[in-house]
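*Asks:* A single structure is presented below for examination.
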Amino acid sequence: MQNKAPLVSVGGLTMPVIGMGTASYPPADAATIKSAVVEAIGAGYRHFDTAFIYGSEQPLGEAIAEALSIGLIQSRDELFITSKLWCTSAEQDLVIPAIKTSLENLQLEYLDLYLIHWPLKFSKEPSRFPVPKEEVSVIDIESVWSAMEECQHLGLTKAIGVSNFSTKKLDQILSFAKIPPAVNQVEMNPLWQQKEMKEYCKAKGIHVSAHSPLGSKGTVWGDNRIFECAVLEKIAEAKGKTRAQICLRWVYEQGASVITKSFNRERMKENLEIFDWSLSAQELNQIGGIPQQKRSSLSVFIEQSSELEAEL
């Protein structure tokens, strides 16, 4: 029996509150991604998160086509597909060609949600990370957002939003946007709880979507702190749940949606099994007291990023 995630209203759409992410480090091969997505659709996932830079758009599109052909879903409209504008295309004249490239990769006529991946512009595709600071600038957000709005007007995407944006940058967009961002996808987990961002976005009607809900263990930008956290371990043991399930349930109880990634069949199913139980007030208070530390710092990606971070 499929275990589908509940829905949340986002930009006039209904979006499953759990999405399957398709970014992996080191990058998975296309066949692995395609197989995992087909498996996930069979398990009940209906929201899939990709991006041009992940290299997963094409295998995700192939998986959707296969799921349709074998009857796992009857229509593409049953799925919610998110992709993102990469930093090399973050200027006004490049936005529409970029989303059209993503749609071609995905073999789709439209996206449900298109996000600006970072509030940054790269002058060329990075040859290394951290990216040399001379190749990086802050995007001209007004012109880029205007092009994002045009993507929605043209029907290339049903909703638009941002990823990794600060409240400062969101204020800028809201000062001129004809279509406000539907979503801000940010790092969020019990060790980086984003309390200020949650309050800001709630007040502004912007939905928060959590990436790195388990700390992105095994990546250059993540770490293992979630799985070393004694508070989470104690709660998980008491409830008979995994630490991952505690983290995902915590995000859900904050009113956010969550992007989780596992290509393991059993963990995929476990990640959907968070809706028939809840955390107690005491457990929420314990999690609320965990020391906070942001992990996805710009310094992981950009050389000498302190001046740039001040602008963001």
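The values are calculated or read from the model by the stated rules, or taken from the named source; none is laboratory data. Note that this is a predicted model, so its numbers are computed, not measured. Cβ: placed from backbone, ideal geometry, glycine included. Neighbour counts: every protein chain shown. Heavy atoms of the whole protein, side chains included, go into the accessibility calculation; ligands, DNA and RNA do not. Shrake-Rupley method; radii C 1.70, N 1.55, O 1.52, S 1.80 Å.
*Asks:* Listed highest first by mean packing, meaning other Cβ atoms within 10 Å per residue, what order do 91-103, 31-43 come in?
*Replies:* 31-43, 91-103
*Asks:* Given +1 on the Cβ of Lys and Arg, -1 on the Cβ of Asp and Glu, and no further charges, what dipole in debye does the range 153-312 carry about its Cα centre, rounded to the nearest 20?
*Replies:* Using Cβ point charges on Lys, Arg, Asp and Glu, the range 153-312 gives about 400 debye.
*Asks:* Any lysines with Cα under 23 Å of the K178 Cα? List them, leaving off those in the same chain fewer than 8 positions away.
*Replies:* K84, K100, K121, K158, K168, K169, K198, K202, K204
*Asks:* Hey, what number do you get for the chain at 222 nm if only DSSP H runs of n ≥ 4 count, each worth -39500 (n - 2.57), divided across all residues, to the nearest 500?
*Replies:* So the helix-based figure for the chain works out to -11500 deg cm²/dmol.
*Asks:* Which value, to two decimals, describes the C-alpha radius of gyration of the range 1-132 once divided by 2.2 N^0.38 Å?
*Replies:* Relative to the 2.2 N^0.38 Å estimate, the range 1-132 comes out at 1.08.
*Asks:* How large is the charge dipole for the range 1-96, taken about the Cα centre, if only the Cβ atoms of Lys, Arg (+1) and Asp, Glu (-1) carry charge, to the nearest 20 debye?
*Replies:* Dipole size: approximately 280 debye.
*Asks:* Kirkwood Rh and Cα-based Rg: tell me the resulting Rg over Rh for the range 52-108, rounded to two decimals. Present the calculation step by step, with values, prior to reporting the outcome.
*Replies:* Details: Rg = 12.8 Å, Rh = 12.2 Å.
With Rh from the inverse mean 1/r over Cα pairs, Rg/Rh is 1.05.
*Asks:* So what's the chain giving for Cα Rg divided by 2.2 N^0.38 Å, two decimals?
*Replies:* Scaled against compact globular proteins, the figure is 0.96.
*Asks:* Can you list, bin by bin at 5 Å, the percent of alpha carbon pairs in the range 10-76, starting at 0?
*Replies:* Per 5 Å bin, starting at 0, the Cα pair percentages come out as 4, 17, 28, 24, 17, 8, 2, 0.
*Asks:* Taking the chain as a Gaussian network, where each spring joins two C-alpha atoms under 10 Å apart, which residue of Y45, Y114, Y25 fluctuates the most?
*Replies:* Y25
*Asks:* Also: Say the dipole of the range 126-250 comes from +1 at the beta carbon of Lys and Arg and -1 at that of Asp and Glu; which of L214, I160, P126 then lies farthest toward its positive end?
*Replies:* Sorting the options by dipole projection puts first L214.
*Asks:* Going Cα to Cα from K124, which lysines come in below 16 Å? Please leave out same-chain ones fewer than 8 positions away.
*Replies:* K133
*Asks:* L111's amide H: which non-local residues (gap 5+, or another chain) put their own amide H closer than 5 Å, with H modeled 1.01 Å from N in plane and none for Pro or chain starts?
*Replies:* T157, K158
*Asks:* Looking at the chain as a GNM with Cα springs under 10 Å, which of L72, L113, L191 has the largest mean-square fluctuation?
*Replies:* Between L72, L113, L191, it is L72 that shows the largest mean-square fluctuation.
*Asks:* Any idea of the accessible area per residue across the range 8-152, 1.4 Å probe, to the nearest Å²?
*Replies:* Numbers: 5640 Å² over 145 residues.
I get 39 Å² per residue for this part.
*Asks:* In terms of the ratio Rg/(2.2 N^0.38 Å) built on C-alpha atoms, what value belongs to the range 109-190?
*Replies:* Compactness ratio reported: 1.17.
*Asks:* Tell me, Kirkwood radius of the range 207-294 from alpha-carbon pair distances, in Å?
*Replies:* Numbers: mean 1/r = 0.0741 Å⁻¹.
Hydrodynamic radius (Kirkwood, Cα pairs) of the range 207-294 is 13.5 Å.
*Asks:* Dipole magnitude of the chain about its Cα centre, charges +1 at Lys/Arg Cβ and -1 at Asp/Glu Cβ only, in debye to the nearest 20?
*Replies:* That gives the chain a dipole magnitude of about 760 debye.
*Asks:* Roughly what % of DSSP beta bridges within the range 1-115 run antiparallel, to the nearest 5?
*Replies:* Percent antiparallel among DSSP bridges in the range 1-115 is about 35.
*Asks:* Please report the net charge: other residues with Cβ closer than 10 Å to the Cβ of H211, K and R +1, D and E -1.
*Replies:* Result for the neighbourhood of H211: -1.
*Asks:* How many percent of DSSP beta bridges within the chain run antiparallel, rounded to 5?
*Replies:* Here the share of antiparallel DSSP bridges comes out near 25 percent.
*Asks:* Further question: Once Lys and Arg get +1 and Asp and Glu get -1 on their Cβ, which of I33, I73, Q293 lies farthest toward the positive end of the dipole of the chain?
*Replies:* Toward the positive end, the furthest listed residue is Q293.
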